[in-house]
1. Tell me, what ³J(HN,Hα) does each residue in region 191-200 have, in order and in whole Hz, if you take phi through Karplus 6.51 cos²θ - 1.76 cosθ + 1.60 with θ = phi - 60° and put x for Gly and Pro?
2. Please list the non-local residues whose amide H lies under 5 Å from the amide H of Trp285, H modeled 1.01 Å from N, same-chain partners needing a gap of 5 or more.
3. How do Thr4, Thr43, Thr299 line up, fewest other C-beta atoms within 10 Å first?
4. When the chain is modelled as a GNM with alpha-carbon springs shorter than 10 Å, which of Gly40, Gly184, Gly19 fluctuates the most?
5. Excluding residues fewer than 8 places away in the same chain, name every one of the aspartates and glutamates whose C-alpha is closer than 16 Å to that of Lys106.
6. Among Met233, Met156, Met21, determine the one that fluctuates most according to a GNM of the chain built with springs between C-alpha atoms less than 10 Å apart.
7. Can you give me the relative contact order of region 17-85 as a percent, contacts being Cα pairs under 8 Å and 6 or more apart?
8. Taking the chain as a Gaussian network, where each spring joins two C-alpha atoms under 10 Å apart, which residue of Asn197, Asn104, Asn79 fluctuates the most?
Amino acid sequence: MLVTPVTKLLNIRVPIVQGGMQWVGVPSLAAAVSNAGGLGILTALTQPSPEALREAIRETRRKTDKPFGVNITLLPTINPPDYEGYIRAAVAEGVRIFETAGNNPKKIIAYLKGEGCTIIHKCTNIRHAKSAERLGVDILSIDGFECAGHPGEDDMPGLVLLARAAQEVKLPYLASGGVADSRGFVAALALGASGINMGTRFMCTVESPIHVKIKEKIVESTEQDTIHIFRTMRNTARVFKNKVSEEVVAIERRPGSKFEDVRELVSGVRGREVYVRGDPDYGIWSLGISAGLIRDIPTCEELVGRLEREAEEMLNGGITRKLSAKL
Ligand SMILES: Cc1cc2nc3c(=O)[nH]c(=O)nc-3n(C[C@H](O)[C@H](O)[C@H](O)COP(=O)(O)O)c2cc1C
């Protein structure tokens, strides 16, 4: 019943994708999502080098014989990482599904298409979706304002953005941002999506590599517990609200403040330590408002199975039955 253009293009059972996640998208999680019937994605830049990414791909393949992908996030940075090295390493290891995110993906998309890859490209507005469509990507992942990480600068929530995509976009698209349960899953399908992409929900699973105290913190959190940093730099990111992120916002709002003033507070290494130490207040870490929906720490198999079962029930008359029961 849940066969869609996305399940066909990616050769997966359920149209559920685990989005790239810095420090979180490692072999254990990606393989678990793929084994559960969805698409797991390794995050290239979580690996210290292209060679380490090759080893992570081999490790994932030892853990699953199902398809999985690699995320390439193009960061707005002065000293860019060796993107070409990471991409060539993944292609050489036989990866044929890529999730691309960030600015100016033109060159990368052209190279990957030349290698026969299937590309999922993340966008946060219709203009970028249409330009990615012209560049020849295969699937769009449309991130609403609810999402963890970078929602863009248009502040467009998924309810309108996805319905606009249904009007404007020809390619199949995933609904990303704010989806953590079967209600969101079915709503996404009703809004024209051919599947969903989840980050925050997959962070809080047994196979996610982060410290259990952070998973417990997510379970405790509500939809009020995130904050936007880097708004003033037009590089907005939705992260967990703690003393560090609140301090970043306070500093960046000061007239004349520069990135240098927050560099130490937002350092990636410090963010990574959050997951290692299990201390949610140690640094900056991405979190979506879907945290408010999360109540447990299931295995990926339990989670994907639950979403699939409940969505099928709702699509099989469950919603109508519920509505008439209220009469
Ligand atoms: C901890 C974490 C790290 C993330 N890191 C990245 C990243 O490196 N690259 C990227 O494209 N998206 C990243 N994202 C965004 C996710 O891929 C996905 O688009 C987003 O989480 C969807 O919103 P949701 O969290 O409401 O499901 C990250 C999300 C989380 C929760």
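1. My calculation for region 191-200 gives 7, x, 6, 9, x, 10, 10, 10, x, 3 Hz in order.
2. For Trp285, whose amide H was placed from the backbone, the distant partners under 5 Å are Phe240.
3. Arranged by neighbour count, lowest to highest, Thr4, Thr43, Thr299 become Thr299, Thr4, Thr43.
4. Fluctuation is largest for Gly184.
5. Leaving aside aspartates and glutamates fewer than 8 places away in the same chain, those within reach of Lys106 are Glu84, Glu115, Glu133, Asp138.
6. Result for the chain, Cα springs under 10 Å: Met233 fluctuates most.
7. RCO, region 17-85: 35 percent.
8. Asn79
Laboratory data are not the source of any read-out in this text; all were calculated from the coordinates shown. What you see is a predicted model, and the numbers here were worked out from it, not measured in a lab. So basically every Cβ, Gly included, is an ideal-geometry build from the backbone, and we count neighbours across all protein chains shown.
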